[in-house]
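Remarks on the structure that follows.
Bear in mind these aren't lab numbers, they're just calculated from the coordinates by the rules spelled out. In this text, all values refer to a predicted model and were calculated from it rather than measured experimentally. Don't worry about glycine lacking a Cβ; one is built from the backbone with ideal geometry, like all the others, and counts go over all protein chains shown.
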Amino acid sequence: MIRFSTAGESHGEALIALVSGVPAGVPIDLERVNRELWRRQQGYGRGGRMKIETDKAHILSGVRHGKTIGSPIAIEMINRDWKNWEEKLPVEPGNAALHQSVASPRPGHADLPGALKYNFQDARYVLERASARESTSRVAAGAIAKEMLRALGIEIASHVVRVGRVELERNASWYEIAALGAKEEVAMGCVDAATEERMKEEVEEAARTGDTVNGVFEVVVHGLPAGVGTFANWDERLDAHLAFAVMSIQAVKAVEIGHGVVAASSFGSAVHDAIYYSEDVEKKPTRFERHQNNAGGIEGGISNGEDVVVRGYLKPISTLRKPLESVRFDTREKTSASYERSDICVVPAAGVIGEAMVALTIAAQVQAKFGGDSLLELKRNFEGYLEQIRRF
């Protein structure tokens with residue numbers, strides 16, 4: 001079973017990703033892994049931290065001669081900003097006078113509940129781990145999962161469908177979405193140029209007023225065959241796993257599969273995807289097809305052969321340049337919330353993080369269904385199953 005974990009703090013020495021369960025023999029292109037990390041740092045409205053860091057993956061174990069070897073994969077990403085924090089956040093006791101506290105909790109962050117939970121007298125240690133900087137490790141782990149899925153012909157991409165009040169008002173094709181990942185410049189990550197310009201204006205307005213802006217990203221899985229996931233137990237449903245994974249991303253407050261939000265206010269005849277039968281066996285792994293995909297590629301907790309579509313709904317970034325009211329930890333007096341360097345908009349970057357979490361989830365589900373200690377064995381099982389459903 002594929003599992004992953006992360007370690008590290010926002011201003012610590014390094015970030016770590018640990019991925020286990022990946023079959024032996026999966027080709028790992030380090031340039032593609034680093035490009036995923038680069039994509040996470042892009043987008044209109046990012047903060048000053050992105051000017052400091054240039055995230056690069058240093059693979060410590062689990063990959064040799066360009067391929068996985070079946071053992072746990074450990075990846076390190078150095079924090080260049082550590083040199084500015086080494087005396088403020090030492091592992092040893094250090095000089096307490098140099099400690100940079102977060103004296104008043106910031107609304108919308110984990111500051112206050114985290115301080116209460118762990119009995120911290122300020123929110124510095126909460127901030128360091130709760131920060132979205134942690135998502136760097138997720139993207140590195142997700143890049144490994146993508147490499148495994150790519151070997152099976154399964155691709156994952158994302159795009160931005162809304163920023164603030166500006167929304168993409170048409171459907172995007174898979175090919176439009178996939179093409180965004182190859183761009184050398186990333187603004188808003190929207191497939192429509194005119195809509196993207198309006199999104200940028202929305203970010204600029206938030207910047208002028210010292211505010212932050214929210215949005216929605218969409219992740220699409222292309223090439224996943226029908227039959228992944230199950231209805232047999234509540235905690236084995238594919239959509240449940242995806243919702244859990246995407247909901248865990250910092251600032252995500254809601255997750256949607258397919259057109260689930262619209263479906264909640266529609267009649268069944270307008271929502272459910274009619275089924276057709278095609279004689280064209282080369283078109284898809286199965287001859288059963290749909291002319292629309294409101295279900296987002298999942299029915300009854302099982303992939304149905306259409307593209308899997310997941311949306312993440314982001315709240316505005318919680319750190320404001322014009323801070324909201326708060327209370328000091330030490331005196332309990334009314335004050336303004338602490339301010340840490342922050343972004344104005346992170347929706348495009350959140351889409352890349354969403355890709356990583358979806359990739360890790362799909363890879364784990366694929367590995368659970370098809371098994372295989374090596375890529376050769378996994379592909380044999382996978383291709384045998386494709387032939388089975390093609391002949392159904």
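In the range 239-339, which GluC sites (Glu not before Pro) are in a loop and have at most 16 other Cβ atoms within 10 Å, using DSSP for the loop call?
Working: sites: Glu256, Glu279, Glu282, Glu289, Glu299, Glu306, Glu325, Glu333; in loops: Glu279, Glu282, Glu306, Glu333.
Listed in order of number, the matching sites are Glu279, Glu282, Glu333.
Derived scalar couplings between HN and Hα for the range 7-22 equal 8, x, 10, 3, 10, x, 5, 7, 10, 10, 10, 10, 10, 10, x, 6 Hz in order, rounded to whole Hz, by the Karplus curve 6.51 cos²θ - 1.76 cosθ + 1.60 (θ = phi - 60°), x for Gly and Pro. The range 76-117 to the range 159-181: how many Å between their Cα centroids? The two parts, judged by their Cα centres, are 37 Å apart. Just round it to a whole percent: the fraction of Cα-Cα distances in the range 293-333 exceeding 17 Å. Percentage above 17 Å: 61.
The trypsin sites (Lys or Arg not before Pro) of the range 213-318 meeting both criteria, a DSSP state outside H, G, I, E and B (loop) and at most 14 other C-beta atoms within 10 angstrom of the site's C-beta, are Lys283. Only alpha carbons enter this Debye calculation for the chain, each as an equal point scatterer, and the log10 of I(q)/I(0) it gives at q = 0.14 Å⁻¹ is -1.28. Summarising the overall dimensions of the range 284-392 from its C-alpha atoms, the Rg and Dmax are 23.0, 72 angstrom.
Residue order for Glu205, Glu340, Glu9, fewest other beta carbons within 10 angstrom first, comes to Glu205, Glu340, Glu9. For the pairs Lys183/Lys315; Lys146/Lys369; Lys88/Lys253, note any where the Cα-Cα span goes beyond 22 Å. The answer is Lys183/Lys315; Lys88/Lys253. Per residue of the chain, the DSSP helices (runs of n ≥ 4 H) give a summed -39500 (n - 2.57) that works out to -9500 deg cm²/dmol at 222 nm.
Can you pull out the chymotrypsin sites (Phe, Trp or Tyr not before Pro) in the range 306-357 whose DSSP state is coil and whose Cβ has at most 14 other Cβ atoms within 10 Å?
Values: sites: Tyr313, Phe329, Tyr339; in loops: Phe329, Tyr339.
Sparse-neighbourhood loop chymotrypsin sites (Phe, Trp or Tyr not before Pro): Tyr339.
Dipole orientation for the range 3-390: of the candidates Ala193, Ala363, Gly384, Ala363 has the Cα lying most toward the positive pole (charges on Cβ; Lys, Arg +1; Asp, Glu -1).
If you take all other residues with their beta carbon under 13 Å from the beta carbon of Phe244, and give Lys and Arg +1 and Asp and Glu -1, the sum is -2.
Checking the a/c ratio against 1.5 first, then a/b against b/c, what shape does the Cα gyration tensor give for the range 83-194? Provide the component values of the computation, followed by the final result.
Working: a/c = 2.91, a/b = 1.99, b/c = 1.46.
It comes out prolate by the Cα gyration axes.
Shape class of the range 5-46 from the alpha-carbon gyration tensor: oblate, with a/c at 1.5 or above and b/c at least as large as a/b.
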